[in-house]
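Working notes for the structure below.
The values are calculated or read from the model by the stated rules, or taken from the named source; none is laboratory data. The shown structure was predicted, so the numbers you read here are calculated from the model rather than taken from an experiment. Using ideal geometry, Cβ is built from the backbone for each residue, glycine included, and neighbour counts are taken over all protein chains shown.
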Amino acid sequence: MTEEPEITPPEVAAPEITSEATPAITDTPPDRLAANPRSPFYDGDLLERGVGIVFDGVERTNVDEYCVSEGWVKVAAGKSKDRFGMPLTIKLKGKVEPYFRS
């Protein structure tokens with residue numbers, strides 16, 4: 001019988017953790033943020049800090065989600081609910097200016 005050489009998998013180096021991987025707290029709010037925990041853009045730490053929105057020159061307190069680069073906010077449409085019990089939202093387009101309240 002011939003002996004086959006033992007094959008070992010190559011060792012993979014662990015990725016280095018840099019300061020880019022862990023963002024520091026800045027005074028600039030993110031480009032997109034949602035208040036709904038089901039959203040991939042939800043960030044509880046930023047919401048606890050307090051984020052305000054000025055939409056078309058008027059401060060809005062009922063914004064559920066916003067995107068600065070695309071220029072829209074989502075606000076609740078009255079007391080209407082969808083079939084899952086979540087509030088229906090309307091997307092409004094205009095100039096979005098987020099800021100931290102604290």
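Is there a residue being among the acidic types (D, E) and in contact (Cβ under 8 Å) with a residue 60 or more places away in the chain anywhere in region 26-46?
Scanning region 26-46, I find at least one residue that is among the acidic types (D, E) and in contact (Cβ under 8 Å) with a residue 60 or more places away in the chain, so the answer is yes.
Among the numbered conditions (1) in contact with a strand residue (DSSP E or B) (Cβ under 6 Å, 6 or more places away or on another chain); (2) on the phi > 0 side of the Ramachandran plot, tell me where G85 comes up short.
(1)
Test each condition in (1) surrounded by 14 or more Cβ atoms within 10 Å (Cβ to Cβ); (2) at pLDDT 95 or above for K91 and report the one that comes out false.
Result: K91 passes all but (1).
Of the conditions (1) more than 18 Å from the chain's Cα centre (by Cα); (2) modelled with pLDDT under 95; (3) not hydroxyl-bearing (S, T, Y), G50 fails just one. Which one is it?
(1)
Go through region 44-62 and count every residue that is in contact with a Phe, Trp or Tyr (Cβ under 9 Å, 6 or more places away or on another chain), of a type in the set (V, I, T) and over 11 Å from V96 (Cα atoms).
Residues meeting the conditions: 1.
Among the residues of region 68-80, which ones are under 22 Å from S102 (Cα atoms) and either hydroxyl-bearing (S, T, Y) or surrounded by fewer than 19 Cβ atoms within 10 Å (Cβ to Cβ) (or both)?
V68, the sole residue that qualifies.
In region 73-102, what residues are within 19 Å of T28 (Cα to Cα) and under 14 Å from the mean Cα position of the chain (by Cα)?
Passing the criteria: V73, P98.
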